[in-house]
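These notes concern the structure reproduced below.
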Amino acid sequence: MVCWGTMSVLAQDTTQQINKDRKNEKAQTQKPYVILISADGFRADMAAKFGATHLLEFSKKGVAANFMRPSYPTITFPNHYSIVTGLYPSHHGLVDNEFYDRPTGNTYTMANKQQVADAYWYGGKPLWVLAEEQGMLSASFYWVASESAIRGIRPTYYYNYNNKIGIESRLQAVKDWLQLPEEKRPHFITFYFPEVDYAGHVYGPNATETRQAVQWVDNAVGQLQQIATASGLPVNFIFVSDHGMTQIDSNRVMRLPASIDTSRFRIPGGSALVQLYAKDPKYIQTQYEALKKDAVDYDVYLKHEVPPIWHYREKDDRYNRIGDILLVAKMPAIFNTGAGKMSPGKHGFDNREKDMYASFYAWGPNFKQGKQIDGFDNVHIYPMIAHILGLDYSEQEIDGKYRVLRKMVKF
């Protein structure tokens, strides 16, 4: 099992990082506030299924989507970064939780803290960078890439990811941020919950423990709303998840196909998606044909054959980081490329599968009330948030389109 919220860290930095020299430009102090919350693995149906009473009530006073379609592959790092850049993974470069980078010959893995903090890996312009460049302060209590100086900029206030800070301290940090003088107060805040993803992996998406995790997150969101209300500020909330979760079939757990010549291909890992990177291109076609012949519970694609709807083809691969051959498990079958036992809950599958659908709720002074909307791709959140915050951005530099979500915004 690989999920950001449970990765092992030898030395965990729990101190708040602050750029004390920054302040809001005068015009930005008049803008609204946005708190973007992600609950990892919070599938689209979980709020209703498990009685997330606060979220359901807030959504009645705001906007609820039938679902939000995650980008492919439906895993943590690519999707969190797609949400804050408005770009599909093939366009921002974070194409998997683990992948091989041909230009440098290095393999990126989200468990490597040095790589996670290295701006080399991240294309696009995250929302906090967009805000800071325009004189608006931002803060992050965790988000993928918030620890990296992308374009030389991190949030004004941020924490390096760790699992040592309790929820009360995290809520207090948001309260403290909203109580700062207006020239020092962040207008864009990100907040991340790993609990539902962890429970879904370990116990399965239908387990009592997962229900309890959903209700725990819901309670914390209720406390965040109380903090925002007490501040008297025009705070908007956007609650999302990066992907869904499904129960795997334990009888359809697959090892790497025997036909793979591991001396000729690099295989960073994977479960729902396994990527093969050829050390010499001359071996690609032969290996591909052998895999196609053996395939039962998985599909095999060459890089240019991937379904267009995934935006994951060779022509999309701006950073040349997608594998030469892709093995895509057919849900609920799964690959086990490691030595450990396979956990019962998994994601990473085709983003058209309902179990992979993510959640989306939004409420606050800049959102219409009592509005239910159809499902949409997660890249469209970026221009919507930029619009609410009054930030300029180039439509040509992102995949998201404001027109997709314009109907839910009051202005």
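The values are calculated or read from the model by the stated rules, or taken from the named source; none is laboratory data. Here the structure is a predicted model, which is why all the values come from computation and not from measurement. With ideal geometry, Cβ positions are generated from the backbone for all residues, glycine too; neighbour counts draw on all protein chains shown.
In this structure, Ser263 does not satisfy being touching a residue at least 24 places away in the same chain (Cβ under 8 Å), among the hydroxyl-bearing types (Ser, Thr, Tyr) and out of contact with any Cys (no Cβ under 9 Å at 6 or more places or on another chain).
Has the stretch 366-381 got any residue that is more than 21 Å from Val306 (Cα to Cα), part of a strand (DSSP E or B) and within 18 Å of the chain's Cα centre (by Cα)? No, there is no match, as no residue in the stretch 366-381 is more than 21 Å from Val306 (Cα to Cα), part of a strand (DSSP E or B) and within 18 Å of the chain's Cα centre (by Cα).
To keep it simple, each residue is scored yes or no on (1) surrounded by fewer than 21 Cβ atoms within 10 Å (Cβ to Cβ); (2) polar (S, T, N, Q).
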position: Met331; (1), (2): no, no
position: Gly338; (1), (2): yes, no
position: His347; (1), (2): no, no
position: Asp350; (1), (2): yes, no
position: Ser359; (1), (2): no, yes
position: Pro365; (1), (2): yes, no
position: Asp374; (1), (2): yes, no
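Rundown of residues vs (1) surrounded by fewer than 24 Cβ atoms within 10 Å (Cβ to Cβ); (2) aromatic (Phe, Trp, Tyr), yes/no style:
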| residue | (1), (2) |
| --- | --- |
| Val84 | no, no |
| Ser90 | no, no |
| Val116 | yes, no |
| Tyr122 | yes, yes |
| Glu132 | yes, no |
| Val144 | no, no |
| Glu147 | yes, no |
| Arg154 | yes, no |
| Ile167 | yes, no |
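Comparison of Val144, Val214, Val174 shows that the only residue that is β-branched (Val, Ile, Thr) and under 19 Å from Thr85 (Cβ atoms) is Val144. Of the residues making up the stretch 296-306, those that are part of a loop (DSSP other than H, G, I, E, B) and touching a residue at least 12 places away in the same chain (Cβ under 8 Å) are Asp297, Lys303, Val306. For the criterion of being under 22 Å from the mean Cα position of the chain (by Cα), small (Gly, Ala, Ser) and not assigned by TED's automatic domain parsing to the domain that holds Ser140, Gly269 passes. Between Ala258, Ala213, Ala199, Ala230, the distinction of being on the phi < 0 side of the Ramachandran plot and either among the aromatic types (Phe, Trp, Tyr) or part of a loop (DSSP other than H, G, I, E, B) (or both) belongs to Ala258 only. When residues of the stretch 238-255 are filtered for being outside any loop (DSSP other than H, G, I, E, B) and either within 25 Å of the chain's Cα centre (by Cα) or of a type in the set (A, V, I, L, M, F, W, C) (or both), how many remain? So the answer is 7. Just one of the listed residues (Tyr120, Tyr81) is of a type in the set (Ser, Thr, Tyr) and within 21 Å of Asn162 (Cβ to Cβ), namely Tyr81.
Candidates Phe141, Phe77, Phe99: the one that is touching a residue at least 60 places away in the same chain (Cβ under 8 Å) and in the same structural domain as Pro383 (by TED's automatic domain parsing) is Phe77.
For Asp176, the conditions (1) free of Cβ contacts under 8 Å to residues at least 40 places away in the same chain; (2) not assigned by TED's automatic domain parsing to the domain that holds Tyr142 are fulfilled apart from (2).
Restricting attention to the stretch 55-72, the residues that are basic (Lys, Arg) and within 22 Å of Val84 (Cβ to Cβ) total 1. The single condition among (1) charged (D, E, K, R); (2) in contact with a Phe, Trp or Tyr (Cβ under 7 Å, 6 or more places away or on another chain); (3) not in a loop (DSSP other than H, G, I, E, B) that Glu289 does not satisfy is (2).
Kindly establish whether Arg69 is more than 12 Å from the chain's Cα centre (by Cα) and under 30 Å from Ile325 (Cα atoms). No.
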